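The values are calculated or read from the model by the stated rules, or taken from the named source; none is laboratory data. Computed from a predicted model, the values in this text were never measured in an experiment. Backbone-built Cβ (ideal geometry, glycine too); neighbour counts: all protein chains shown.
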Amino acid sequence: MNKVSKLAVSAAFVLASASSAYAGCGIGSGSAKLLANDFPATQAIASAATACDGGGASVTANLNKDHKDLIVAAFTANPPEFTASHVTNSTLVAVMNDGLAQPLDDLIAKHGGGLQDMQMITIDGKVMAVAFMANAQHLFYRKDIIDAAGAGVPTTYEGVLAVAKKIRDKGLMEYPIAGTYKAGWNLGEEFVNMYLGHGGEFFKPGSAQPAINNAKGVATLNMMKALTEYMNPDFLTHDSNAVQAEWEAGNVALTNLWGSRAGAVTDGEGSTAAIEGNTMFAAAPTVSGGSTPATTLWWDGFAVAKNASAADAEASFIAVMNGISPAMAAGNADAANWLIAGAKARPVGKGVVDSAAGGASPYPMLSYMGTMHGAIGAELADFLQGKESADQALADIEAAYIAAAKEKGFL
Amino acid sequence: MPHRTFISFIWPSALAMLLFIALPIVSVGMQSLFIAHEQVIETVENCGPFGCKTVEMVNADATAQLRADEPLGRFNGVGTYTNRNHLAFAEIRLALAEASGPGDFANRVLNLPFYKALAFTLTYTFVVTPLVILLGFFIALAVNRIPGMFKGPTIFVSLLPMIVTPLIGSLVLFWMIDSKGIIGATLQMLFEDPGLSLKASSTLTWLTLIVYGVWHSAPFAFVVFYAGLQTVPQDTLESAMIDGATRWQRVRYVVIPHLMPLAVFVTLIQLMDNFRVFEPIVGFNAQANATSLSWVIYNDLRGSDGAMLFGSAAATSMLTIIGVCILLAPVVIRTWRANRRVA
C-alpha cells in the first residue's frame, strides 16, 4: 500500500468515525421512513437525511419515480408505511383532501430553527409542509441555432413560433420545438401552463364547477396545436425523459422543460460540449399579449403523516431537517433551485427565478384541481391530432371532469 | 363417484375459488355502487414560497365523521355505470337524437372514453386471436418437419417472445420503432418517407399494437399445437397417404380435426388474454391513440395526483368481467354441447 492510499484509508476512517459521532442527529427514539421522488436533488437530501441512521435512530429513505401514486396509500395506513413524504403543490392537496398530514408547528418550534419563512407551506394558519426547492417549466434554447437562424431569444409563444419557422425555413432543423406532450399528466400540465398564461380560470369562483370552455381555452388549444406543428410527430409520447434525450441529441432548439432538468442537460454527460455550451435558459414565454410567463411555479417539500406516532413524527422531522439543511444545499448547489437559507443561486436556475420574478402563477392548490388535471390530460389528444374541434375538446374535458368530480363528492 | 368422495376432492379448490375469485368480485361489485361522500369545502388562506392566496380546500375533519359512519361512501346505485365516463346513457341518447347520420353517431359514441376503449379492445381481440391461432399452427407444422437436432434450439427461439415480460418486450420494441430506432429507421428507408412514424397516427399505432400482440402470443398457440401434433395418429396419416392424399389434404382432414379441441382451448385463453390487453399500451405510450378497458381502470387508479376513482375503476372492472363472459359464452356453450353429445 503506498502512502497516498494509506492516507486515503485513514481519512476515510476519520470521516466514518466523525459521521458515526453525528449519527442519530439527536433522534432519541422512533424511526423515520421517508418517501421521495428520484432525481439529483432528492438523492442529495436522502443521503443527508439517512446519515442520521444509527446510534439508536432508524432513518430509511425510499426514492421512487412513482412516489406520487404511493403517498396517499402510504399515509392512509395506520401506522403509516412511510412517516414522511416528499410532496408538491398538487400532491399535498391530495394528502390534505383525506386529512392525512399533520401540522408541523410544534415540531418547527422545537427543531426547525434554520427554516426560512417562505419554506413553510401554511394552510389555514397551520404549517403542513416544509419546502426545499422551487421548480417550473421554462424556456430552454440553443443559442447557436437561434443565431444561425438570425433570430433573437423569444419572450412570447408567438415569438417561439416565429423563431421555429425561421429555423425550419433555413433548413437547420425539421422539428425545432419539443414539449412534454405525452397524453396524460404531462399534456394536462402543458394545458394548465398555457391556460394560466392566457389568464384563464379553471373553475367558477368559489365552486367546483368547471369554467374552461371559453375563448381563453380555445386560444390555449390553438397555441398548443400551432406549437405541435413544429414538433416531432411522436409528440404525444414525449415525457420529460424523452424531451431531455431529444435535447441532448441536439434534435431540438426550443423547449419548455422543467427547471429540475436544467442541471441534467448541462452536466457534461449524455451530450456534446457544443450542444451543452449553447444550451441557455430563460423565463417561460408569455402568450397572447399577457404579461405573466405561461408556466406554473411548483415547490417541493416534505409532509409528515398524521398517523405517525409522536416519536416517529419527531424522528422524521429531525431527519428531514438534516436532509434539507443549509450544509446539504451548499454541498449540492447545482442540483436544484433551493429555497434553503444561505443557498447560492445557481447559474442554470435562471429560468425558474426569472419565471417567478415575471409573476408566473403557482400551480393552483385546489382540492378538485387533480381531478381537472386528469380530465384535461385524457381528453386533449384527439384535438391535437386534428380529430375534433377545440370547442368539442373543451366540452369533453368539462364533461369528463364533471363525471369524475361527482364521484369524488366535489359536485 | 360417490358424493362424499367428490366433495372431499373438490372442497379445497372450491374454497380457494370462493376466497380468491368470488369474494373479491363481490367486493369490487359493491364498491362500484358507491361514490365518495360529499366533500365539505372551505375557503382557507394558503401561503408558501410564491406568496399567499385564498384557496378552496376539503375540510378533512368534517368529512372524517361522514366516512366513519358510512365507510363505503354514498350509495349511488348504477349511477357510476351510466355516467359519461362509462356507459354514458345520457350522451348516447343525445347522440341518437341529434346525430345527422350513422357516421356522425359513431363519431359521437367513439368520442366517449368507455366506447373508445371498447373499440380498440374488441378490434385487438378479434384481430389478434385468429392470427395467433393461424400463425401458431403454421409454426407448429413447420417445426414438426425440421430434423431432430435443430428442433430444440428452434423451439427455444420461437418461445422467446412469450418469455419476455410484456412490459419489457413492448418497451424494447417502443424504442426500436422510434424514428431513430432500428426498425423505425429501416421502415423510413423502405417506404422512402423520412416523416414516417409508427407512433404518430392512430392507424399505425393500432397496427403496431396488433403486430406486437401476435408476436407475443403466437408462441403460446405454437407450443400447444406442437404438443398436439405429437399425438396425431400415425395410422390415419399413413392410410391417408396410401389413399393418395396430398400434404395439404392430410393437414386439412386428419391434423386439423384432431387438433380442434386444442384450438378451442387456445381460443378461450386468447380471447380472455387479449380482452385484457394492457401492458403494450403502457409500454408503447399509446394512450393518445389506443386505450383498452384495462388501461381505463389503471388510469382511474393512478391517472392524476392522488385523485383516485375507486368506484369508477370498480365499475369498469365489472363491465370488463361482463365483457369476458359475453365473449366466452359461444365457445363455452359449444364445448358444453359437444361434451353432452359424447356423454
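Before moving on, here are some points about what is shown:
- Residue within segment A:84-103 that is surrounded by fewer than 17 Cβ atoms within 10 Å (Cβ to Cβ), touching a residue at least 24 places away in the same chain (Cβ under 8 Å) and either touching a Phe, Trp or Tyr at 6+ places or on another chain (Cβ under 6 Å) or within 11 Å of chain B (Cβ to nearest Cβ) (or both) present: no
- Residue within segment A:383-392 that is within 9 Å of chain B (Cβ to nearest Cβ), closer than 15 Å to A:Tyr181 by Cα and without any contact (Cβ under 8 Å) to a residue 24 or more places away in the chain present: no
- Screening B:Met308, B:Met318 for residues that are within 11 Å of another protein chain (Cβ to nearest Cβ) and either over 23 Å from B:Leu167 (Cβ atoms) or surrounded by fewer than 24 Cβ atoms within 10 Å (Cβ to Cβ) (or both) leaves exactly one candidate, B:Met308.
- Being among the β-branched types (Val, Ile, Thr), more than 21 Å from A:Gly377 (Cα to Cα) and in a helix (DSSP H, G or I) is true of B:Val266.
- Residue within segment B:269-279 that is within 26 Å of B:Arg84 (Cα to Cα), in a helix (DSSP H, G or I) and within 14 Å of chain A (Cβ to nearest Cβ) present: no
- Checking each residue in segment B:7-25 for being farther than 14 Å from B:Ser317 by Cβ and not aliphatic (A, V, I, L, M) picks out B:Ser8, B:Phe9, B:Trp11, B:Pro12, B:Ser13, B:Phe20.
- Subset tally (residues that are more than 9 Å from chain B (Cβ to nearest Cβ), in contact (Cβ under 8 Å) with a residue 24 or more places away in the chain and assigned to a helix (DSSP H, G or I)) for segment A:112-161: 10
- Criterion violated by A:Ile402 - all others in (1) part of a helix (DSSP H, G or I); (2) within 9 Å of another protein chain (Cβ to nearest Cβ); (3) touching a helix residue (DSSP H, G or I) at 6+ places or on another chain (Cβ under 7 Å); (4) touching a residue at least 12 places away in the same chain (Cβ under 8 Å) satisfied: (3)
- Unique match (being over 31 Å from the mean Cα position of the chain (by Cα) and modelled with pLDDT of 80 or more) among A:Ser29, A:Ser20, A:Ser10, A:Ser47: A:Ser29
- Which numbered condition A:Gly259 misses (of (1) closer than 26 Å to B:Thr291 by Cβ; (2) at pLDDT below 95; (3) buried (at least 19 other Cβ atoms within 10 Å of the Cβ)): (1)
- Those helices (runs of 4 or more DSSP H) lying entirely in segment B:1-83 with at least 3 residues of a type in the set (A, V, I, L, M, F, W, C): B:3-17, B:23-32, B:60-69
- Pair list, Cβ < 8 Å and 6+ apart or interchain, from segment B:296-310 residues that are part of a loop (DSSP other than H, G, I, E, B) to residues that are among the acidic types (Asp, Glu) and at pLDDT 80 or above: B:Gly306/A:Asp69; B:Met308/B:Asp300; B:Leu309/A:Glu407; B:Leu309/B:Asp300
- Which listed residue is in contact (Cβ under 8 Å) with a residue 24 or more places away in the chain, over 27 Å from B:Thr203 (Cα atoms), in a helix (DSSP H, G or I) and of a type outside the set (D, E, K, R), from B:Leu259, B:Leu237: B:Leu259
- Conditions (1) away from every other protein chain (no Cβ under 13 Å); (2) buried (at least 23 other Cβ atoms within 10 Å of the Cβ); (3) part of a loop (DSSP other than H, G, I, E, B); number of the one not met by A:Met194: (3)
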